[in-house]
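Just so it is clear, none of the values below were taken in a lab; they were calculated from the coordinates. Model, not experiment: these values are computed from the prediction. For neighbour counting, all protein chains shown are included, and Cβ atoms are generated from backbone atoms with ideal geometry for every residue, glycine included.
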Amino acid sequence: MTDFQSLGLSESLLQAITENGYDTPTPIQQQSIPLILNGSDLMGLAQTGTGKTAAFGLPLIDRLLIEGGKPAQRGTRALILAPTRELVNQIAKSLVSFLKNTHLRVTPVVGGVSINGQIRKLSKGTDILVATPGRLLDLVDRDAVDLASASYLVLDEADQMLDLGFIHALRRIASLVSKDRQTLLFSATMPKQINDLARSYLRDPERVEVAPAGKTADKITQSVHFMDQKAKTSFLLNQLQDQPNDMSLVFCRTKHGAERLMRKLAQSGISAGSIHGNKSQGQRERAIRDLREGTINVLVATDVAARGIDIPGVSHVYNFELPEVAEAYVHRIGRTARAGAEGEAVALCAPEEIGLFRQIEKLIGIDIEVASGEVPPMSAASGRQKRSGGNGGGKRPQQHKQSSSGDNDNRARARAQRRKRPQGRRNAA
Ligand code: AMP
């Protein structure tokens, strides 16, 4: 078995890795770390929970330590971009845990909090800047940060950044970072737009892949229960009451739907919280901490708010409503079975969601086990034209060929996505 010693990392970092409790590198770490240490650009196709933060973070830190030197005023030596506030904070926290015995500084910058403190911190310069694209450009426009000195650029969860409408921001940011840089791009899925992005910004990239695009983690047991939309709340309540010690994430399509469901669960005695675009940064962080620490057992979430967050110990992911686009299903259920643990993904599918359900099965390439209910006919999907707003993930529609009712559904979804995208972007930054 490969160990961290054989990957070429320096001694001080190996010590920090041991102190962090990591024994063996995960597959994405085994593949990526030597390539990044060699100076290659890299395109990593990896799901959440595979250890990709350390896969790019460890060699990045190693190189910065070896290169030595200090950041210029308002400068940064490395720039990491991620789609959401939660993910930025999580990446920064993870990097800090490897930096205990070094002089390197990590600075996270996200929207939703005062910009003045960030401007002050950046005035001294930083070694690693972790940012959401929107807030970073605000800081660039205020002359608070100079990206020209960054010789490393990491794009994490690149597919999600595109989905949130950050493409122009990414192009602008990439043009501000030194041309003579090493660029690393990580994405859970690899749609054509990501390939195009990689072609524009990466030089002869090495490609690493730990699970085929759209494939779900092996250790997740998946099932589906078919039922009417209005039967879902009491079904979920029963499931949660039957397993009071589980740690569950419940996904809804809209922020209002998520809030309503959380209230109903709480009224029935379930200790539940919620994260979605209407919650402040502080509220979101508190809810995630409450779940982590066991103060609550259930977190009701929308896609954007939950994307990329790392909560060890999540045993169940409920798809209370199926996502608008199949790929979001893979991201949702990737919240369980993290770092080698086992997990269950339970989908509740109403007749009008059958088209979405079939698209999910097609994407992941398996038939999900039917645990209860009658499988509705595909014709039931045609009634599903009413779309609500909210931050359901902002994904592009899939181009799957299917029956005429499915095509109608795709067109309706495309319209809904076009309406939704700007809102999703605001929520995330
Ligand atoms: P990530 O995919 O980077 O969000 O990581 C998912 C989880 O796996 C985090 O809780 C990490 O701390 C943990 N992790 C990452 N690499 C390792 C490793 N080599 N050994 C054990 N845990 C790890």
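Identify all aspartates and glutamates with a Cα-Cα distance to K93 below 16 Å; exclude those on the same chain that are fewer than 8 residues away in sequence.
Partners within reach: E19, D127, D156, E285, D310.
Run the numbers for R203 and D246: contour at 0.36 nm per residue of separation, minus the present Cα-Cα distance, in nm.
Full-extension gain reported as 10.9 nm.
Whose amide H sits under 5 Å from the amide H of G313, counting only residues 5 or more places off or on another chain, with H placed in the peptide plane?
Those qualifying (amide H under 5 Å, at least 5 residues apart or on another chain) are R338.
Label points 7 Å out from Cα along the Cβ direction at H103 and S268: separation in nm?
Modelled inter-label distance: 5.8 nm.
From the phi of every residue in the stretch 255-266, what ³J(HN,Hα) in whole Hz does the Karplus formula 6.51 cos²θ - 1.76 cosθ + 1.60 yield, where θ is phi - 60° and glycine or proline is x?
3J(HN,Hα) across the stretch 255-266, in whole Hz: 5, 5, x, 5, 5, 4, 5, 4, 4, 4, 4, 4.
For the residue pair T24 and E293, what label-to-label distance in nm results when each label sits 7 Å from Cα along the Cα-to-beta-carbon direction?
In this crude spin-label approximation the distance works out to 3.4 nm.
What's the exposure ranking of H225, H256, H316, going from fewest to most Cβ atoms within 10 Å?
Ascending number of Cβ neighbours within 10 Å: H256, H225, H316.
Give me, ordered by chain and number, the residues 5 or more places off R105 or on other chains with an amide H under 5 Å from its own placed amide H.
Those lying under 5 Å, H to H, from R105 are D127, I128.
Taking a ≥ b ≥ c as the square roots of the eigenvalues of the Cα gyration tensor of the stretch 4-209, is the shape rounded (a/c under 1.5), prolate (a/b larger than b/c) or oblate?
It is oblate, given that a/c is not under 1.5 and a/b is not larger than b/c.
Rounded to the nearest 0.05, what FRET efficiency do R286 and Q229 have when you use their Cβ-Cβ distance and R0 = 35 Å?
0.70
For the cross-link pairs K52/K192; K230/K255; K232/K362; K264/K362; K100/K121, which exceed 27 Å when the distance is taken from alpha carbon to alpha carbon?
Values: K52/K192 22 Å; K230/K255 18 Å; K232/K362 24 Å; K264/K362 33 Å; K100/K121 19 Å.
Pairs exceeding 27 Å: K264/K362.
Residue farthest toward the positive end of the dipole of the stretch 4-209, with Cβ of Lys/Arg at +1 and Asp/Glu at -1: which of I91, L37, L58?
So the residue furthest toward the plus end is I91.
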